[in-house]
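Written out below as structure tokens is the structure these notes cover.
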Amino acid sequence: MNINTYEEAIAYLFAQLHVFQKVGEKALNPNLQNIRKLCIPLGNPEREFPSLHIAGTNGKGSSCHYLASILQEAGYHVGLYTSPHLFSFTERIKVGGQEVEKEWVLRFVKEHMELIQEVQPSFYEISVAMAFAYFAQKRIDIAVIEVGLGGRWDSTNVIQPEASLITNISFDHQSILGHTLAEIAYQKAGIIKENTPAIISETQTETLPVFKKVAQEQNAPIYFAEESYQIEASQIASDTYLDIYQNKKILIQHVKAPLLGIHQQKNLKGVCKTLEIIQEKGWKISPENIKNGIEKLKENVNLQGRWQILQQNPLIVCDVAHNEGGIKEINKLIEATAHEHLHLILGFSKDKDLMAMLKLFPQQNSSFYFCMFDSPRSSSLDELKETAEALHLSATFHQNVNKAMQYAQEKASKKDLLYVGGSTFTVAEIDLITKRQKF
């Protein structure tokens, strides 16, 4: 096959390989054989750099971006691998906050076409291998690697990290990961490696014994961040400032929070504990680096889709929260945001429990606008309508998120709040973001 442009290379990967966002769990491969088959001919690039490995249901993406930003402020040449992307495949692979060059992606696909065809990996497996190869070529100092799904059988789990961080555990992808928090935690705990420190951001009753047991089996020291770190928040005008305490002694004062919500404070506790652990291994990171890395998060690594304000008067906010735990945290932010009427613009993947998800959103003084996104995984309007009627919701139905937003804006007053979410893929199609791309 003749591929001459980046667009053709990405189209080839999407067309030839299983893509989770298109076909869901059928794209998953519950072993690490394919990623190893890819890495060996590439020279095992995953062994060429130190790394940090981050798993969890909610918070792992934010935690990865915080870690990368702070390490950059400490002067390190940092690789960052995350998924999924919102707008461009190149968002998945960054060095020093800069996305991988489209020309490099094209060259990689062309040079390794035979290997790809031989192994027949998933889209995700080839993206992980590509990231490893890019990081090795760029001679990075350290990589921050986000798990895509689960942990135990995730393609990223061939690395030997400096430390493993596990964030919140909530219900998501139950058909793959398990139907209890303990079962889900067991899959996430698969990233805990022998003799390698493991950090848990949020202590949860159901998951605590699982993490302790796996850590003991791996002879891995385990740390629960909430035992060491406390965070106090204060409000000045419309901004939130944080004081971070380590063992009840002030570590950093008056940090302007780039991301809002109690859940982000939990994430930061895990981030701080991870940094403390690798400092003990010789990595040089000062409290000033941590403060600057937090405050310059958006500038350094361009994180989007986390309670992101798109417009004022009326206030329009979007977030990629897409499971029960994430939506519960979003509701806290909605409640804390002054508004006269709430307009909820929502699109969901069809593997979600729509009834359970929708019951979490405020229904008093709320209007619902349901939409689809451009993927076979999108819930249909018929499915959304059936669930909305069962819950007696005041709702309208739209072919895409932008039509839904336009309709909601026509109905909204300047003092209302418009929230857009339900899925990463819903947020990815918002014109207000794609037109400006950056905060």
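Assorted remarks:
- Among residues of the stretch 1-26 that are not assigned by TED's automatic domain parsing to the domain that holds D374 and surrounded by 12 or more Cβ atoms within 10 Å (Cβ to Cβ), those with a beta-carbon under 6 Å from a residue that is acidic (D, E) and at pLDDT below 90 at least six positions away or on a different chain give the pairs G24/D351.
- The single residue among N267, N323 that is within 23 Å of P84 (Cβ to Cβ) and assigned by TED's automatic domain parsing to the domain that holds Q98 turns out to be N267.
- Pair list, Cβ < 8 Å and 6+ apart or interchain, from the stretch 306-324 residues that are crowded, with 18+ Cβ neighbours inside 10 Å to residues that are at pLDDT below 90 and basic (K, R): D319/R306; V320/R306; H322/K352; N323/K352
- Scanning the stretch 332-355 for residues that are surrounded by 15 or more Cβ atoms within 10 Å (Cβ to Cβ) and either not in a loop (DSSP other than H, G, I, E, B) or not assigned by TED's automatic domain parsing to the domain that holds T387 (or both) yields L333, I334, L342, H343, L344, I345, L346, S349, L354.
- Condition check for K269: modelled with pLDDT under 95, under 18 Å from the mean Cα position of the chain (by Cα) and either surrounded by fewer than 17 Cβ atoms within 10 Å (Cβ to Cβ) or not aliphatic (A, V, I, L, M) (or both): no
- Qualifying residues in the stretch 140-168 (those that are part of a helix (DSSP H, G or I) and either free of Cβ contacts under 8 Å to residues at least 12 places away in the same chain or touching a strand residue (DSSP E or B) at 6+ places or on another chain (Cβ under 9 Å) (or both)) - the one farthest from Y66 (Cα to Cα): N157
- Against the conditions (1) at pLDDT below 95; (2) within 28 Å of K298 (Cβ to Cβ); (3) within 16 Å of the chain's Cα centre (by Cα), G150 satisfies every one except (2).
- If you go through the stretch 232-266 and keep only what is in contact (Cβ under 8 Å) with a residue 12 or more places away in the chain, farther than 17 Å from I334 by Cβ and of a type in the set (A, V, I, L, M, F, W, C), you end up with A233, L242, I244, L251, I252, V255, A257.
- Count of the stretch 109-148 residues, restricted to those that are buried (at least 16 other Cβ atoms within 10 Å of the Cβ) and either under 11 Å from L38 (Cβ atoms) or of a type in the set (G, A, S) (or both), is 18.
- When residues of the stretch 279-288 are limited to those that are outside any helix (DSSP H, G or I) and on the phi < 0 side of the Ramachandran plot, the one surrounded by the most Cβ atoms within 10 Å (Cβ to Cβ): I285
Let's see how each residue does on (1) outside the structural domain of A182 (by TED's automatic domain parsing); (2) over 19 Å from I290 (Cα atoms); (3) of a type in the set (D, E, K, R):
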residue	(1), (2), (3)
T203	no, yes, no
E206	no, yes, yes
I231	no, no, no
I236	no, yes, no
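- Residues that are surrounded by fewer than 24 Cβ atoms within 10 Å (Cβ to Cβ) and more than 22 Å from A136 (Cβ to Cβ) within the stretch 63-87 comprise E73, P84, L86, F87, listed in sequence order.
- Whichever residue in the stretch 360-419 is of a type in the set (D, E, K, R) and not in a helix (DSSP H, G or I) and, among such residues, is surrounded by the most Cβ atoms within 10 Å (Cβ to Cβ): D416
- Subset of the stretch 256-278 (residues that are closer than 22 Å to G97 by Cα and outside any loop (DSSP other than H, G, I, E, B)): K256, Q264, N267, L268, G270, V271, C272, T274, L275, I278
- Condition met for G178 (at pLDDT below 95 and on the phi > 0 side of the Ramachandran plot): yes
- Residue match in the stretch 289-297 (condition: part of a loop (DSSP other than H, G, I, E, B), assigned by TED's automatic domain parsing to the domain that holds P84 and either of a type in the set (V, I, T) or modelled with pLDDT under 95 (or both)): no
Per-residue answers, yes or no, for (1) in contact with a helix residue (DSSP H, G or I) (Cβ under 9 Å, 6 or more places away or on another chain); (2) among the small types (G, A, S); (3) at pLDDT 95 or above:
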residue	(1), (2), (3)
C371	yes, no, yes
P376	yes, no, no
E383	yes, no, no
H392	no, no, no
L418	yes, no, yes
T424	yes, no, no
T434	yes, no, no
Q437	no, no, no
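- Residue within the stretch 79-102 that is touching a Pro at 6+ places or on another chain (Cβ under 8 Å) and of a type in the set (K, R) present: yes
- Residues that are under 24 Å from the mean Cα position of the chain (by Cα), closer than 24 Å to A185 by Cβ and among the β-branched types (V, I, T) occur in the stretch 220-241; there is at least one.
- Qualifying helices (runs of 4 or more DSSP H) (wholly inside the stretch 169-254; at least 3 residues being touching a His at 6+ places or on another chain (Cβ under 9 Å)): none
- Residue count for the stretch 38-59, restricted to those that are buried (at least 24 other Cβ atoms within 10 Å of the Cβ) and not polar (S, T, N, Q): 8.
- I191, sole failed condition from (1) over 18 Å from the mean Cα position of the chain (by Cα); (2) within 30 Å of Q265 (Cα to Cα): (1)
The values are calculated or read from the model by the stated rules, or taken from the named source; none is laboratory data. Note that the structure is predicted; figures quoted are calculated from it, not measured. Note: ideal-geometry Cβ built from the backbone for every residue, glycine included; neighbour counts use all protein chains shown.
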